[in-house]
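First the structure, in the form of C-alpha cells, and then the observations on it.
The values are calculated or read from the model by the stated rules, or taken from the named source; none is laboratory data. The structure displayed is predicted, hence computed values, not measured ones. Because the Cβ atoms are built from the backbone with ideal geometry, glycine has one as well, and the counts that use them run over all protein chains shown. With ligands, DNA and RNA removed, areas are computed over all heavy atoms of the protein, side chains included. Shrake-Rupley method; radii C 1.70, N 1.55, O 1.52, S 1.80 Å.
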Amino acid sequence: MYNFSVRYHDGRLSITHDATLTLMPDHWLIHYRDPSGELTSVRWTIPGIVTDENFSNLYIFRYGEFPQQTIECKEDNLPETLKKRYPEKVFFQKSVTDIFKLNNATIVGVALAVLMLMGLGYWFGLPWLAGAVASRFPVGTEVRMGDTMYENMIRAYEVDQGLTAVTDDFAKAIDFKTHYPIRITVVKDKEVNAFALPGGRIVVFDGILRKMHTKEELAALLAHEVSHVHYRHSLRNIFRSLGGYLFLSLLLNDVNGVVTVLADNSNALANLTYSRELETEADSKGMVIFKANKLDLKGFVGLFTALKSAHDDVESLKLLSTHPLTAERLRAAEEMVKGQGVVKDNGDLERKWEAIENELK
C-alpha cells in the first residue's frame, strides 16, 4: 500500500537506479541495488523532502544538500497517498501542474478560455490602455513624433507650395480652440483624401479641395481633422496599432525606440482606420469649433453632400481615406444646422478662400 516504483539518483554518480520507495510514518526508505548488485537502503526524513514542481505527470522529489538526491515516480496515486499518509505536510500545491493532469476536453476548454480572455484584453483593454497612455503623453514629444512621421511620409508626395501657403493661411483665420501648432500641407493628388498626424500636422490632397464650393466646407474639413489632433485620436490609434512594442518602449522610457518605429511605419500609420466612436466625436467637436467661430454649420452638410454626389454608394465612400462617410453622419449634421443660433459672415475667411480658388484654377 505504501510501496511505489521510482527512479533514484544519488547526486554523485551520473547513473540512476530502479528503486522501491516505502512510505514510513516519519521518513521514506528507498531500496535499490548498487552497480555491484548489493541491496542498498537510503533514508529520507520527512521535513527535508522537497517537491520539484513541473508541467508533467512525473512526480519529482529532492533531498539533502548539494549535490541533492532525487527520486522520480510516475504512479498516479502517489499524491493522494502522500496526502493521507502525511496530512500535516503539503507536498503538492494546487497550481498550473494540475491543469496538465486534466483530461483533453478540459485542457482544450481551459486553453479556449485563456484565448478568449486574451481577445477581450486586446479588443477592450488595449483601446482603454491606448487612451490612458495617450492622455498622459507629453505634448512636446507628441509634436516631435508627428514631425518625424511627416518628414518620412511626405517624400512620397509632391507638395503644392502655392496651395499649401494659402490653405495654411486660411487655417490661421480660424480659432480651433487647441494648443497644438496646426500646420497644413497640400499635396498634388486626385484622391479625395486628407489625414491628421499627431502633434498638429494635417495633410490635404488637392483632389478634395477641388470638390469644395464654399469656405465653410473647407473649414468643416479642417475642424474635423483638428479635432482628431486635439483629442489625440491619431495618437491613440498608433498606440493601439503598435501597442506591444510602443508600450514597452514607453515603459522603459525609450523615446528613441518610439520614434524609430514611427519612422519605419509612417505611411501605414497615416492610414489607420478610426473607430465609429472617434469619427462621431471628431464631427461633434468640429461643430463646436464652428459654433465658437460663428461659422455656418451648413459647411458640414455641404462637405458631406459634395462628397456623396461624387459617389453612387455613400457607404463605400471614404472621407480622408480613414473616415467612412455614412448616411448617419450626414443626417446628424443636418440636425445640428436646425439648432444653430447666430452665424457671422467672416469676410477675412472669404478672401482667403478666394485665394485658394485662384490657386486651384
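Averaging over all projection directions, the Cα-based convex hull of the stretch 1-45 occupies 3.3 nm² in the image plane. When you count the other C-beta atoms within 10 angstrom of each residue and take the mean per peptide, 337-350, 284-297 line up highest first as 284-297, 337-350. The magnitude of the dipole of the stretch 138-240, with charges of +1 and -1 set on the Cβ of Lys/Arg and Asp/Glu and taken from the Cα centre, is near 300 debye. Remark: the stretch 206-219, residue by residue, has Karplus-estimated 3J(HN,Hα) of 5, x, 7, 5, 6, 8, 8, 10, 9, 5, 5, 5, 5, 4 Hz, where x stands for each Gly or Pro and the curve is 6.51 cos²θ - 1.76 cosθ + 1.60 at θ = phi - 60°. Database remark: amide H of residue 182 closer than 5 angstrom to no amide H (H placed geometrically; neighbours at sequence offset of 5 or more, or on other chains; Pro and chain starts carry no H). For the stretch 139-238, GluC sites (Glu not before Pro) meeting the loop criterion (DSSP other than H, G, I, E, B) and having at most 14 other Cβ atoms within 10 Å: 158, 191. Note on residue 83: lysines with a C-alpha under 28 Å away, same-chain residues under 8 apart excluded, are 74, 94, 101.
Pairs exceeding a 29 Å alpha-carbon distance, out of 177/211; 190/294; 177/361; 291/361: 190/294; 177/361; 291/361. Probing with 1.4 Å while keeping every protein chain in the model, the per residue accessible area of the stretch 1-70 equals 59 Å². With a cut-off of at most 12 other beta carbons within 10 Å, and DSSP calling the residue loop, which trypsin sites (Lys or Arg not before Pro) in the stretch 1-61 qualify? Please list them. Passing both the DSSP loop test and the Cβ count: 12. Here the mean projected area of the convex hull built on the C-alpha positions of the stretch 1-93 is 6.1 nm².
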